[in-house]
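Take a look at the structure set out below.
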Amino acid sequence: MLLLLVVVAFLVSKNIKMIPSGLTNILEMIVEGALSLIDSVTNDRKQSRQFFPWVMTIFLFVVVSNWMGLLPGFGSITLQEGEESIHVFRGATSDLNVTLALAIISVISIQVFGIVTLGFFKYAGKFIVPPWKKPYGIGTFVGFLELISELVKVVSFSFRLFGNIFAGEVLLMVVTYLTKFFVPLPFYFLEIFVGFIQGLVFAMLTLVFMKMAVTSHEEGHEH
């Protein structure tokens, strides 16, 4: 899957023209559209360019992983090891290890952007609020809840993506086993749509959390 993305990027970058055409034109439209979408969240082109590589990489990785899991042979070709059947090919995001790794990378990148932009102590001040400062105790409790929510993001990110893709994989296997010919096709189109939406959701949530991380409490109150 990574090889596919690298090959496409290499072919496009090798043939860049002032007036793009073909695959280059399509990819430029995707990049410009994605940058505009990120702008609608950040309202800052400089900030959008900082977030763009992370958000777009996550989106492409997730979407291509989801769609490759729908190719013939993925999930259906197995090797028998004793009493256990081992998949030769499997959709990457239908494995919890992959979605958990993505979630950890996403959450760590969010914290890094927050610390780099606001500084370590100002960023830490979002979570650690002394009880003797306004609003006296409530701020301490809210800060603790925010700290817990940062850790919970790892769970919500990983299980949301894994659950949707794995459920789709099981659905297709059951439908294909019970019916033949053209009956499973609508379910395949549904999973293509779900694969795209899940990639978009994962990327957009990462973007929104990044924007929140680089926004101080003072700025948030002003808005």
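Under a Cβ-only charge scheme (Lys and Arg +1, Asp and Glu -1), can you give me the dipole magnitude of the stretch 74-223 about the Cα centre, in debye to the nearest 20?
480 debye
Running a GNM on the chain with Cα contacts under 10 Å, which residue among Leu161, Leu35, Leu190 ends up with the highest mean-square fluctuation?
In the Gaussian network model the winner is Leu190.
To the nearest 0.05, how large is the calculated FRET efficiency for Leu5 and Val112 if R₀ is 22 Å and r is the Cβ-Cβ distance?
It comes out at approximately 0.40.
Comparing Thr78, Thr179, Thr99, which has the greatest mean-square fluctuation in the GNM of the chain with Cα pairs linked when under 10 Å apart?
Thr179
Provide the per-residue ³J(HN,Hα) series for the stretch 101-117, in order, calculated from phi with Karplus coefficients 6.51, -1.76, 1.60 and θ = phi - 60°, each as a whole number of Hz, with x at glycine and proline positions.
Here the 3J(HN,Hα) series is 4, 4, 4, 5, 4, 4, 5, 5, 5, 4, 5, 5, 4, x, 5, 5, 6 Hz.
Rounded to the nearest 0.05, what FRET efficiency is calculated for Val154 and Asp44 with R0 set to 25 Å and r the Cβ-Cβ distance?
So the FRET efficiency works out to roughly 0.40.
Bin by bin, in steps of 5 Å, what percent of the Cα pairs in the stretch 1-153 do you find, going until the bin that has the longest distance?
Spelled out bin by bin, the stretch 1-153 gives 1, 7, 10, 13, 14, 14, 11, 9, 7, 6, 4, 2, 1 percent.
Under 10 Å, Cα contacts only: if you run a Gaussian network model on the chain, which one of Ala103, Ala124, Ala213 comes out with the highest mean-square fluctuation?
Ala124
Please name whichever of Phe141, Pro186, Ile108 sits farthest to the positive end of the charge dipole of the stretch 77-223, dipole taken about the Cα centre and charges placed at Cβ: Lys and Arg +1, Asp and Glu -1.
Result: Phe141, furthest along the dipole toward the positive end.
On a full-extension model of 0.36 nm per residue, what is the gain between Leu178 and Leu200, subtracting their alpha-carbon distance, rounded to one decimal in nm?
Details: separation 22, 0.36 × 22 = 7.92 nm, distance 3.14 nm.
Full extension from Leu178 to Leu200 adds 4.8 nm.
Take the alpha-carbon positions of the stretch 78-223, form their convex hull, and give its projected area averaged over all directions (one quarter of the hull surface) in nm². Mind dumping the intermediate values first?
Working: hull surface 50.9 nm².
That works out to 12.7 nm², a quarter of the Cα hull's surface.
Run through all the Cα pairs of the stretch 21-79 and give the fraction in each 5 Å bin from 0, expressed as whole percent.
Per 5 Å bin, starting at 0, the Cα pair percentages come out as 4, 16, 18, 18, 15, 11, 7, 6, 4, 1, 0.
When Thr42, Thr215 are ordered from fewest to most other Cβ atoms inside 10 Å of their Cβ, what list results? Show your work: numbers first, answer last.
Details: Thr42 20, Thr215 17.
Fewest-to-most ranking of Thr42, Thr215: Thr215, Thr42.
Per-residue ellipticity at 222 nm for the chain, helices alone: DSSP H runs ≥ 4 residues times -39500 (n - 2.57), over residue total, nearest 500 deg cm²/dmol? Don't skip to the end; give the middle numbers.
Details: 8 runs with 162 residues, N = 223.
Rounded to the nearest 500, the figure is -25000 deg cm²/dmol.
With a sphere of radius 10 Å drawn around the Cβ of Ile110, what net charge do the other residues whose Cβ falls strictly inside it have (Lys, Arg +1; Asp, Glu -1)?
+1
All of the numbers you see were taken from the coordinates with simple rules; none came from a lab. Keep in mind it's a predicted model, so treat the numbers as computed, not measured. Using ideal geometry, Cβ is built from the backbone for each residue, glycine included, and neighbour counts are taken over all protein chains shown.
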